[in-house]
Amino acid sequence: ATQFAFQENEIKLLTAEIERLKNFGCLGVSPSLEGLRDENAKLKYRLNFLKKSLQEERSKSTKSMININSCLQEIFGAAIQAAYPDLENPPLVVTPSQQPKFGDYQCNSAMGISQILLKTREQKVIPREIAEKIAKNIPANDCIEKVEIAGPGFINVHLRKDFVSKQLSSLLINGVQPPAIGKRKKVVVDFSSPNIAKEMHVGHLRSTIIGESMSRLFEFAGHEVLRLNHLGDWGTQFGMLIAHLQDKFPDYLTVSPPIGDLQTFYKESKRRFDTEEEFKKRAYQCVVLLQSKNPDIIKAWNLICDVSRREFQKIYSCLDITIIERGESFYHEMMKDIVKEFEDKGFVQVDDGRKVVFVPGFPVPLTVMKSDGGYTYDTSDLAALKHRLCEEKGDILIYVVDSGQSVHFQTVFAAGQMMGWYDPKVTRVAHAAFGVVLGEDKKKFKTRSGDTVRLIDLLEEGLKRAMDKLKDKERDKVLTPEELKAAQTSVAFGCIKYADLSHNRLNDYVFSFDKMLDDRGNTAAYLLYAFTRIRAIARLASIDEEMLRKAAREEVLILDHEKEWKLGKCILRFPEILQKILEDLLLHTLCDYLYELATTFTEFYDSCYCVEKDRQTGQIVKVNMWRLLLCEATATVMAKGFDILGIKPVQRM
């Protein structure tokens, strides 16, 4: 809205300027007026460009879902500015009301303004008076029916029913569109990041699921997203793996070695490295040869990496993960320059042979070079940071890595700022930290023997339990084999993802198949079942998609029943939920919203007949099309929410 106002104002100014130039006779033929003619042509070009741009933006904005909270903030922001023009940065607090008697939204700014007036001007004004003054200055708008002052100074906002009805119709006609986001940005998301030669375990689950979902959200919002898998594919451990490969499969250069179990292969090489001095020396020699790009050693390295890649891809395929591999090896050639850059700026100190960098505010330095001349994780992460900022030109960088790495990343990011690679006021660099996965004993999730749980085993167990659950519910008797298989994978992987995403990522969470497969409460099983029920309502009334599309264009959505009104408002909160997550990166808010939407729909469906049937014959006697459209709007928003979370619903369950 602000951008439109700015452009419209510029159009007015340009039009006036063209008129002024006309009065000077700039359209005449006198050579002395050539400059004026050029100026006039430029202004006309700029005017046409702005008009076209404004039309395009307006066309986009009519399809975008309106963020009602943002609209109300603009309205109340203007009202506060008009009421208190001299007040700098007044608090602007608009939230959905918790109870219908307090309206649909509340503006709670009056209390904050009262405190500011008291502190800065020593004026004692009661919040209720401030609220009344704000209410009197609310500009004309399409969305507010009325406001009421309540309690000490809350402004209760009642939305117009025709406004809500119109927004729902727009959603049904245009589909779920992202809210207007302003400038399109490049977002780099670093997630998953397992180590070559080690199997993915339950610890990788959170990073993989959270990172994928964040990427989907930013893509839906219209940004360009680069999903990066920062694999641990370089370093001293490859020396022992390659040396062991040479011993176990001496003809590896001509015959592809049948390494089936890379985990066992890794353990064997580690045991030899720890116990055999001769082997240890050869392992170090292999590291040197690897770093100098010896062709035979590079082939051995690639063979080992390929075995891991195939195993990782099985998991990524199961979980529907899209990601580009860009491991530590990608940045290896850049590390020498990184060290030199820090040295040139005088930030490097030598400590017991190591080259370290102290970053102000952080007690532990970054080690950019080891005493033997090798590089470290610190060097690799600094090189990756610079490449993403300076080469990829990322506007937003998100690192989805466990909370244990928080201090490390804060230090690396601060070092990047110290070097002038980015300005945090312009570029957003964030560590989206997450807690650990716990077993039902509230300890770190392990197998009975105390080993880390392999991720592939966890997914297979999920499939087995999902099928058991479906058979307990006798779904195998009503679904075709194909439908049963689709329901199994939807429930298994959907429940594993949702159990993770529905918890605040900053907290640890307890992994429990029994809880996540429960079809009651805030679980994927409940939401997937609710979704299939909603989709079935129109189908059972013999209303197809074309009939719904036609009705969406022609029908007015009546929202007279309190449950219709509650559901309509809940559906339209979707854009403000997404906006909040784009800011704080906390995906459990979307899960909470989808659960609220499903339970609000159940209240509506229990109170409002969508399809009325004859009690004796069961024949359909009346279809309340506006209510079926509310069902369709609910399902459409749920489907988009599932898509962002990486969950695949099914038509029949």
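Data overview
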| quantity | calculated |
| --- | --- |
| Hits in segment 404-429 - residues which are part of a loop (DSSP other than H, G, I, E, B), more than 23 Å from the chain's Cα centre (by Cα) and buried (at least 16 other Cβ atoms within 10 Å of the Cβ) | Met419, Trp421 |
| Test: Leu226 is over 18 Å from Asp584 (Cα atoms), part of a strand (DSSP E or B) and either open to solvent by 40 Å² or more (accessible area, probe 1.4 Å) or not aromatic (Phe, Trp, Tyr) (or both) | yes |
| One residue from Val287, Val225 being under 30 Å from Leu582 (Cβ atoms) and touching a residue at least 12 places away in the same chain (Cβ under 8 Å) | Val225 |
| Segment 300-348 - residue that is among the small types (Gly, Ala, Ser) and touching a residue at least 60 places away in the same chain (Cβ under 8 Å) and, of those, nearest to Phe493 (Cα to Cα) | Ser308 |
| Evaluation of Gly462 against (1) more than 24 Å from the chain's Cα centre (by Cα); (2) of a type in the set (Gly, Ala, Ser); (3) under 23 Å from Ala598 (Cα atoms) (one fails), failing number | (3) |
| Residues of segment 348-390 that turn out to be open to solvent by less than 60 Å² (accessible area, probe 1.4 Å), among the hydrophobic types (A, V, I, L, M, F, W, C) and in a loop (DSSP other than H, G, I, E, B), as a count | 2 |
| Count - residues of segment 523-562 that are of a type in the set (Asp, Glu) and under 17 Å from Val637 (Cα atoms) | 1 |
| So Ala243, is it over 32 Å from the mean Cα position of the chain (by Cα) and either buried (at least 18 other Cβ atoms within 10 Å of the Cβ) or under 24 Å from Tyr331 (Cβ atoms) (or both) | yes |
| Residue in segment 197-222 that is nearest to Asp261 (Cα to Cα), counting only those that are in contact with a strand residue (DSSP E or B) (Cβ under 9 Å, 6 or more places away or on another chain), open to solvent by 20 Å² or more (accessible area, probe 1.4 Å) and modelled with pLDDT of 95 or more | Arg216 |
| Candidates Asp104, Asp142 - the one that is open to solvent by 70 Å² or more (accessible area, probe 1.4 Å) and within 36 Å of the chain's Cα centre (by Cα) | Asp142 |
| Evaluation of Val650 against (1) outside the structural domain of Glu483 (by the TED database); (2) on the phi > 0 side of the Ramachandran plot (one fails), failing number | (2) |
| Subset of segment 391-403 (residues that are in contact with a strand residue (DSSP E or B) (Cβ under 7 Å, 6 or more places away or on another chain) and assigned to a loop (DSSP other than H, G, I, E, B)) | Glu392, Lys393, Gly394, Asp395, Val400, Val401 |
| Top-ranked residue in segment 604-653 [being part of a helix (DSSP H, G or I) and among the small types (Gly, Ala, Ser); ranked as surrounded by the fewest Cβ atoms within 10 Å (Cβ to Cβ)] | Ser607 |
| Test result for Gly222, out of contact with any Pro (no Cβ under 8 Å at 6 or more places or on another chain) and small (Gly, Ala, Ser) | no |
| Hey, Asp441 open to solvent by 20 Å² or more (accessible area, probe 1.4 Å), touching a Leu at 6+ places or on another chain (Cβ under 6 Å) and either at pLDDT 90 or above or not polar (S, T, N, Q) (or both) or not | no |
| Subset tally (residues that are open to solvent by less than 10 Å² (accessible area, probe 1.4 Å) and polar (S, T, N, Q)) for segment 288-320 | 1 |
| Failed criterion for Lys133 (all others in (1) charged (D, E, K, R); (2) under 31 Å from the mean Cα position of the chain (by Cα); (3) over 30 Å from Asp381 (Cβ atoms) hold) | (2) |
| Checking Ile456 against (1) in contact (Cβ under 8 Å) with a residue 40 or more places away in the chain; (2) part of a helix (DSSP H, G or I); (3) under 27 Å from Leu590 (Cβ atoms), the condition it does not meet | (3) |
| Matching residues, segment 282-307, being within 22 Å of Pro194 (Cβ to Cβ) and among the β-branched types (Val, Ile, Thr) | Val287, Ile298, Ile304, Val307 |
| The one condition in (1) of a type outside the set (D, E, K, R); (2) without any contact (Cβ under 8 Å) to a residue 24 or more places away in the chain; (3) within 30 Å of Ile581 (Cβ to Cβ) that Pro365 fails to fulfil | (3) |
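The values are calculated or read from the model by the stated rules, or taken from the named source; none is laboratory data. Since this is a predicted model, take the numbers as computed values, not measurements. Cβ atoms come from the backbone with ideal geometry, glycine included; neighbour counts cover every protein chain shown. Quick note on the areas: whole protein, heavy atoms, side chains included, nothing else; ligands and nucleic acids left out. Shrake-Rupley method; radii C 1.70, N 1.55, O 1.52, S 1.80 Å.
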